[in-house]
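Take a look at the structure below.
The values are calculated or read from the model by the stated rules, or taken from the named source; none is laboratory data. The model shown is predicted, which means the values in this text are computed figures rather than measured ones. So basically every Cβ, Gly included, is an ideal-geometry build from the backbone, and we count neighbours across all protein chains shown. These area figures cover heavy atoms from the full protein model, side chains too; ligands, DNA and RNA do not enter into them. Shrake-Rupley method; radii C 1.70, N 1.55, O 1.52, S 1.80 Å.
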Amino acid sequence: MNIPANLKYTKDHEWVSIDGDIATVGITDFAQKELGDIVYVEVETLDQSLGKDEVFGTVEAVKTVSDLFLPLAGEIIEFNEELESNPEMVNTDPYGKGWMVKVKVSDVSDMNELLSSDDYKALIGA
């Protein structure tokens, strides 16, 4: 299972990459495997400011629909529009082309509450 050390993680199986005050968010390799074949990603919160842990969208797999929780408070400034026509990129490249949103973070210190790769591995028993 792929759990890159340079990313931060949430207990809700999302990953976060920070560049200045911009966070890129997606779901982990573990999450996409648990969900199975992803058929749709919906994000209707573009250009909205949301609090930490608020629902920013949903991911739909063949068998289930799961909410996506924002790991850091901020404004959703970009949605990966390629996922509209190719949602399977979340399965094939969850940490690359399968990213979901970019967020202008309100408080970068919120990153301190996220899990390291080792903490995330312990959470999922990897």
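Below, the figures for the structure above:
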{"read-out": "Any hit, the range 82-102, residues being in a helix (DSSP H, G or I), free of Cβ contacts under 8 Å to residues at least 24 places away in the same chain and open to solvent by less than 30 Å² (accessible area, probe 1.4 Å)", "value": "yes"}
{"read-out": "Count - residues of the range 6-35 that are part of a loop (DSSP other than H, G, I, E, B), at pLDDT 95 or above and either at positive phi or open to solvent by less than 40 Å² (accessible area, probe 1.4 Å) (or both)", "value": "4"}
{"read-out": "Single unsatisfied condition, Leu72 versus (1) touching a residue at least 12 places away in the same chain (Cβ under 8 Å); (2) touching a strand residue (DSSP E or B) at 6+ places or on another chain (Cβ under 8 Å); (3) open to solvent by 50 Å² or more (accessible area, probe 1.4 Å)", "value": "(3)"}
{"read-out": "Residue identified as surrounded by fewer than 20 Cβ atoms within 10 Å (Cβ to Cβ), modelled with pLDDT of 95 or more and touching an Asp or Glu at 6+ places or on another chain (Cβ under 8 Å) among Val108, Val55", "value": "Val55"}
